[in-house]
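Here's the structure we're looking at; comments come further down.
The values are calculated or read from the model by the stated rules, or taken from the named source; none is laboratory data. Owing to the predicted nature of the structure, the values given are computational and were not obtained by experimental measurement. Backbone-built Cβ (ideal geometry, glycine too); neighbour counts: all protein chains shown. Quick note on the areas: whole protein, heavy atoms, side chains included, nothing else; ligands and nucleic acids left out. Shrake-Rupley method; radii C 1.70, N 1.55, O 1.52, S 1.80 Å.
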Amino acid sequence: MKILNNAGHKIFLVILFFMTLSGFSQMPIFKRYYIADIPGLGWLAQFYVTHMIHYIFAGLLIGFAAYMVLDSVFNKTGFKKISRTGYIKIWIIAGLMITGLVLVVKNLSGIYMGHSMIIFLDISHLFLCVLFLMVSLYSLIFKKPWQAD
Amino acid sequence: MTSGISRRAFLKTSAVTAGSLVASGTLISKNSELKAAQPASEEPLVTLIDISKCIGCEACVEACREVNADQFPDPEKPFPKMYPTSTVPVEDWSDKTDVTDRLTPYNWLFIQQAQVMLDGDNVELNIPRRCMHCENPPCVKLCPWGALKQETNGLSRIDPDLCLGGAKCKTVCPWEIPQRQTGVGLYLDILPAFAGNGVMYKCNRCYQRLEKGQVPACIEVCPENVQIIGPRTQILEQAHALAKEMNGYIYGETENGGTHTIYVSPVPFDQLNQGIDTGKGKPHFQKVKNMMADGTLLAKAMIIAPFAGLFAAFGKYYLASREDKK
Ligand code: HEM
Ligand code: SF4
Ligand code: SF4
Ligand code: SF4
């Protein structure tokens, strides 16, 4: 049995795609490098829009993760089938979710964090995202699927 | 020139604090009182600006420039080339440090003139303008790199050693307060050609003076006692009493979800807004919605997300087990 059917896998990819895109657009780079000038991509330079998108997909990702965890408990076999790169990616996503959620808390009114805390969170969040992209690229090139057979 | 202002500032301190402000009761302006008020109240400090009192003498502007002079940028020239040149503006104020009619990296406070009608007369009002020190400041919260921070006393500030000059704080600020100087700061040590563009500057509400229990310089030197500073509840009470007294209007209490700067004006703010020059470095007086509110709402929605996921998985399992029984 597969841990995730095709539709589920596609949803997961879409969530991660938009999280990465809206994540990188938190930094003022898309306007500088003309990407926001591409017709249809102007929103990438609108910080409040990309902020909302990142938040919406974060909610979806959290829901998805909760689903996967409980589903694999019911399946019993679930977690045992995950490949090594799969495990690495899961831990990276968990790290992204934890650092991301603390950043969300930081953004609430009345929460005061110092520079070192915010910088630590931002850098580890960004580092984990880049790491995720690299591991994903590796597993794409060397054909390492999520599920070990 | 510098020492002249210092002396004036010094003289004023003793005069002002001993005089009218203290006489009017709860106002927190004397240094020792500020110190006493701060630890006692967990509340952030708020400034109250009485627009009707300001005579536009710019003593505050001079004082701000003086006490913060050591924090002003000292850019290295020529600036490293930044790519792509068409989307990265070079913003250089180092030859225009004497500009005082707008916000610049060297001028964090300016006096905005408004031509308005008051009781049938054409009058000119003077309005000190600077960072509002928002309750939930988008500049601080949305900096992707943590170069800004908000302190528990309510002020927000940019660390010039950390800022990379991408100007996101200015873009997300409803008043576009922070101002950029190219050719200074951390970005020079990283990849100056491809990332960053200097350092952003704005009023930091004299954090270094507040730490010592002193009031901000602009408050201290003002000959007309235009501004006062104190705990939020107290200042809000005062602001509403003042507004009632002059039949006036309040700005900053609800703008952007609330700020730590409250303006009281004898004319409505939409009229004031029409009577001022707005534009680059010259903030407006429009209504501003709470910029962080949508994010806060979505953050709350995130609490529901895991339950929705668990519910979906449980539902799937339940349906499957019923199928099995059949
Ligand atoms: C539950 C999941 C997540 C949450 C709650 C979250 C939240 C956030 C927040 C609040 C920020 C803005 C930083 C700030 O406020 O200063 C941010 C930035 C960012 N996010 Fe996420 N995030 C999540 C997952 C992800 C994922 C899965 C990726 C990519 C695979 C990602 C990539 C980024 C990037 C590249 C940035 C910009 C760099 C930075 O500020 O660190 N995030 N995220
Ligand atoms: S010092 Fe006082 S009166 Fe003079 S311009 Fe500033 S706020 Fe107005
Ligand atoms: S007025 Fe602008 S710069 Fe000042 S705290 Fe608010 S968002 Fe930040
Ligand atoms: S509080 Fe300090 S930094 Fe801000 S305008 Fe007044 S003098 Fe300038």
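Quick notes on this one:
- Each residue of the range A:92-106 was assigned a 3J(HN,Hα) from its phi angle through the Karplus expression (A = 6.51, B = -1.76, C = 1.60, θ = phi - 60°), giving 5, 5, 4, x, 4, 5, 5, 4, x, 5, 5, 5, 5, 4, 3 Hz with x at Gly and Pro.
- The mean number of partner chain beta-carbon atoms within 10 angstrom of a residue's beta-carbon across peptide B:122-128 is 0.
- Qualifying trypsin sites (Lys or Arg not before Pro) for the range B:53-157 [loop in DSSP, other Cβ within 10 Å: at most 13]: B:LYS81, B:LYS96
- Share of pairwise Cα separations in the protein assembly as shown, more than 27 Å, in percent: 61
- A DSSP coil position with no more than 14 other Cβ atoms inside 10 Å describes the following GluC sites (Glu not before Pro) in the range B:64-146: B:GLU76.
- When all protein chains stay in place and ligands, DNA and RNA are ignored, the 1.4 Å accessible-area order of A:TYR67, A:TYR112, largest first, is A:TYR112, A:TYR67.
- B:CYS134 long-range amide H proximity, modeled H, under 5 Å: B:HIS260
- Structural descriptor for chain B: relative contact order 24 percent, calculated from alpha carbon pairs under 8 angstrom and at least 6 residues apart.
- For the cross-link pairs B:LYS141/B:LYS289; B:LYS168/B:LYS300; A:LYS31/B:LYS300; B:LYS168/B:LYS289; A:LYS31/A:LYS144, the ones whose C-alpha atoms lie over 27 Å apart are A:LYS31/B:LYS300; A:LYS31/A:LYS144.
- Candidates A:ALA45, A:ALA58, A:ALA66, ranked by Gaussian network fluctuation over chain A, Cα under 10 Å, top entry: A:ALA66
- With both labels modelled 7 Å from their Cα along Cα-to-Cβ, the A:ALA94 to A:LYS10 distance reads 3.0 nm.
- Sequence-ordered 3J(HN,Hα) estimates for the range A:43-53 from the Karplus curve with 6.51, -1.76 and 1.60 and θ = phi - 60° stand at 4, 5, 9, 9, 4, 5, 5, 5, 4, 4, 4 Hz, glycine and proline given as x.
- Percent of beta bridges antiparallel (DSSP, chain B, rounded to nearest 5): 85
- Pairwise label distance in nanometres, B:THR278 with A:VAL130, each label 7 Å out on the Cα-Cβ vector: 4.0
- Converting the Cα gyration tensor eigenvalues of the range B:171-227 into ellipsoid dimensions via √(5λ) gives semi-axes, longest first, of 32, 14, 9 Å.
- For the residues B:ASN153, B:ASN122, B:ASN290, a GNM of chain B with alpha-carbon springs under 10 Å puts the largest fluctuation on B:ASN122.
- Within the range B:256-326, all pairs of alpha-carbon atoms sorted by distance into 5 Å bins from zero give the percentages 3, 11, 12, 13, 10, 7, 7, 6, 6, 6, 5, 5, 4, 4, 2, 1.
- Mean separation of Cα contacts under 8 Å, 6 or more apart, over the residue count of the range B:51-160: relative contact order %: 22
- Modelled FRET efficiency - R0 51 Å, B:THR254 with B:LYS325, Cβ distances, 0.05 increments: 0.30
- Chain A: relative contact order in percent, alpha carbon pairs under 8 Å with at least 6 residues between: 25
- Förster-model FRET efficiency, 25 Å R0, B:LYS244 and B:ILE55, C-beta, rounded to 0.05: 0.60
- A cut-off of 5 Å between modelled amide H atoms, ignoring neighbours fewer than 5 places along the same chain, links A:GLN147 with A:SER83.
- For the protein assembly as shown, A:CYS129, B:CYS54, B:CYS57, B:CYS64, B:CYS134, B:CYS143, B:CYS163, B:CYS173, B:CYS206, B:CYS222 have no disulfide-compatible partner, since no other Cys C-beta lies under 4.7 Å from theirs.
- 3J(HN,Hα) along the range A:112-118, derived from phi through the Karplus expression 6.51 cos²θ - 1.76 cosθ + 1.60 where θ = phi - 60°, amounts to 10, 10, x, 4, 5, 5, 5 Hz, with x in place of Gly and Pro.
- Shape category assigned to the range B:7-325 from the gyration tensor of Cα positions, a/c cut at 1.5: oblate
- For the pair the range B:77-124 / the range B:133-189, the C-alpha centres are spaced 17 Å from each other.
- Förster-model FRET efficiency, 56 Å R0, B:LYS96 and B:PHE307, C-beta, rounded to 0.05: 0.50
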